[in-house]
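Here, each number is a calculation from the coordinates, and none is a lab measurement. These numbers were taken from a predicted model, which means no experiment stands behind them. In this analysis, Cβ positions are derived from the backbone assuming ideal geometry, glycine residues included, and neighbour counts consider all displayed protein chains.
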Amino acid sequence: MNRKHSTKNAAHPGNKRRTGPLLPGPRVLQILCGILVVLNLWLLYSLISSPNGILHYRRHRQQVQDLEMKTKNLMTENQKLFKQIEAFKNDPAVQERVVRQQLGWARQGELIIEFLPPEK
């Protein structure tokens, strides 16, 4: 009983294995590469021009930057106005200056001279 073990499938002698490629021929590879190129181009187009793509992102990013700048400017203007209000509430000299400028009032004995624009 001297049997040699073979590397072939002894349990199924009728089973033949393929030794060649799964998809024969270079034409199949060319078709697969073509499909992949078309798929990549479609994905690139979608990435750029879709509603959630790069162009949309850049537009929104610019809008955010513009709004941040407007917010910063409004905060600065708000602080200036707040300081003016505080000065008007607490400083009599500021109150007098505002009344004189806005209402045209003068102290006793002062003379107000108004310059009118020339008529055309």
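Gain on full extension, evaluated as 0.36 nm per residue between ALA106 and MET69 minus their Cα-Cα distance, stands at 9.1 nm. CYS33 to HIS56: extension gain in nm, 0.36 nm per residue of separation minus the Cα-Cα distance? Fully extending the segment from CYS33 to HIS56 adds 5.2 nm. Packing, taken as the mean count of other beta carbons within 10 Å per residue, orders the peptides 79-85, 113-119 from highest to lowest as 79-85, 113-119. Between region 44-65 and region 88-102, what is the C-alpha centre distance in whole Å? The two parts, judged by their Cα centres, are 52 Å apart.
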